[in-house]
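A short write-up of the structure that comes next.
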Amino acid sequence: MKEECLICKAQLEYLEVDELMECAICHKKENSKTRCVKGHYVCNDCHTAGLDTIVGLCLKATSKDPVHIIKQMMALPFCHIHGPEHHVMVGAALLTAYKNAGGQIDLQQALSEIMNRGKCVPGGACGFWGACGAGISSGMFISIISKSTPLTKEPFALSHKMTAKSLSEIGNIGGPRCCKRDSYLSILSAIDFVKEHFAVEMEKPIVVCEHSKQNNQCIGNRCPFFKKQ
């Protein structure tokens, strides 16, 4: 196996119902459906330890390309092939590129907000909620730049449309999950969406995945970003 359990590298298993589990790192006890076949469980907080390092990266970035920015995040030691860190990273990369492309936001405040919101989406949401956290993160991005609340009209609509657009692209490919693939799909969807609705043009690259060898469930040629060997 390449990367599965963060403790022993054994394969993960997903349960049908929650069970009380103890994190193998911090020993916090909580309900979860995810563990490795040897019984190890790692909580979301421990899985995303080091995520706050992306804030400094984003504040220093000058790129208008959110894919380039998230690839820099993916190269940091804290980032795993899969995990809830992507639920923050997608929105953070989009906020940074949007700012650099001329979007009028307080980036530091926006990054703090996406961190707080994205961390609320647990690992496994893609399979258990029917809504991938990477796709939800793109909707959070729109809600932040449009100042959406439950009581707004157009910002409320736009943030939902953004999430729906990303999830539609993710659903069109199908499973099993890949946090890298779903992150790229969500970001590319958001680039087009922002150009249309906010008249801010971020850079849109051709994406080639560099992580297929680390993903035990890589779907190969079914993935639009797969690099043929």
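Does Tyr14 satisfy the condition of being exposed (fewer than 14 other Cβ atoms within 10 Å of the Cβ) and aromatic (Phe, Trp, Tyr)?
Against the criterion (exposed (fewer than 14 other Cβ atoms within 10 Å of the Cβ) and aromatic (Phe, Trp, Tyr)), Tyr14 qualifies.
Ala190 - would you say it is under 17 Å from the mean Cα position of the chain (by Cα), at pLDDT 95 or above and more than 21 Å from His47 (Cα to Cα)?
Considered against the rule, which asks whether it is under 17 Å from the mean Cα position of the chain (by Cα), at pLDDT 95 or above and more than 21 Å from His47 (Cα to Cα), Ala190 comes out as yes.
Against the condition under 14 Å from the mean Cα position of the chain (by Cα), open to solvent by less than 80 Å² (accessible area, probe 1.4 Å) and modelled with pLDDT of 95 or more, how does Leu95 come out, does it pass? Please lay out each step first, then the result.
Working: under 14 Å from the mean Cα position of the chain (by Cα): yes; open to solvent by less than 80 Å² (accessible area, probe 1.4 Å): yes; modelled with pLDDT of 95 or more: yes.
So Leu95 passes the test.
Could we say that Cys126 is open to solvent by 40 Å² or more (accessible area, probe 1.4 Å) and touching a residue at least 40 places away in the same chain (Cβ under 8 Å) here?
Spelling it out, Cys126 is indeed open to solvent by 40 Å² or more (accessible area, probe 1.4 Å) and touching a residue at least 40 places away in the same chain (Cβ under 8 Å).
Does Ser168 satisfy being within 18 Å of Glu201 (Cα to Cα) and at pLDDT 95 or above?
So Ser168 fails the test.
I'd like the residue in region 31-69 that is without any contact (Cβ under 8 Å) to a residue 12 or more places away in the chain and within 30 Å of Lys204 (Cβ to Cβ) and, out of all such residues, is most open to solvent (accessible area, probe 1.4 Å).
Applying the filter and picking the extreme gives Lys60.
Just name the residue that is nearest to Leu59 (Cα to Cα) out of those in region 98-123 that are in contact with a Ser or Thr (Cβ under 9 Å, 6 or more places away or on another chain) and not in a helix (DSSP H, G or I).
Taking the candidates together, the pick is Lys119.
Out of curiosity, is Ile206 under 19 Å from Val67 (Cα atoms), free of Cβ contacts under 8 Å to residues at least 12 places away in the same chain and not aromatic (Phe, Trp, Tyr)? First the steps, then the outcome.
Values: under 19 Å from Val67 (Cα atoms): yes; free of Cβ contacts under 8 Å to residues at least 12 places away in the same chain: yes; not aromatic (Phe, Trp, Tyr): yes.
Spelling it out, Ile206 is indeed under 19 Å from Val67 (Cα atoms), free of Cβ contacts under 8 Å to residues at least 12 places away in the same chain and not aromatic (Phe, Trp, Tyr).
Just a yes or no: is a residue in region 76-83 assigned to a helix (DSSP H, G or I), closer than 24 Å to Cys36 by Cα, at pLDDT below 95 and among the aliphatic types (A, V, I, L, M)?
Quick first cut of region 76-83, residues assigned to a helix (DSSP H, G or I) only: none.
Checking region 76-83: not a single residue is assigned to a helix (DSSP H, G or I), closer than 24 Å to Cys36 by Cα, at pLDDT below 95 and among the aliphatic types (A, V, I, L, M).
Mind checking whether some residue in region 98-109 is open to solvent by 10 Å² or more (accessible area, probe 1.4 Å), within 15 Å of the chain's Cα centre (by Cα), at negative phi and touching a residue at least 24 places away in the same chain (Cβ under 8 Å)?
Scanning region 98-109 turns up no residue that is open to solvent by 10 Å² or more (accessible area, probe 1.4 Å), within 15 Å of the chain's Cα centre (by Cα), at negative phi and touching a residue at least 24 places away in the same chain (Cβ under 8 Å).
Right, Ile145: in contact with a Gly (Cβ under 7 Å, 6 or more places away or on another chain), open to solvent by less than 70 Å² (accessible area, probe 1.4 Å) and farther than 16 Å from Pro84 by Cα or not?
Yes, satisfied.
Among the residues of region 157-198, write down those that are under 17 Å from Leu95 (Cα atoms), touching an Asp or Glu at 6+ places or on another chain (Cβ under 7 Å) and open to solvent by less than 30 Å² (accessible area, probe 1.4 Å).
Those that are under 17 Å from Leu95 (Cα atoms), touching an Asp or Glu at 6+ places or on another chain (Cβ under 7 Å) and open to solvent by less than 30 Å² (accessible area, probe 1.4 Å): Leu185, Ser189.
The values are calculated or read from the model by the stated rules, or taken from the named source; none is laboratory data. Worth saying up front: this structure is predicted, and the values here are computed from it rather than measured. Here the Cβ is made from the backbone with ideal geometry for all residues, glycine too, and neighbour counts use every protein chain on show. These area figures cover heavy atoms from the full protein model, side chains too; ligands, DNA and RNA do not enter into them. Shrake-Rupley method; radii C 1.70, N 1.55, O 1.52, S 1.80 Å.
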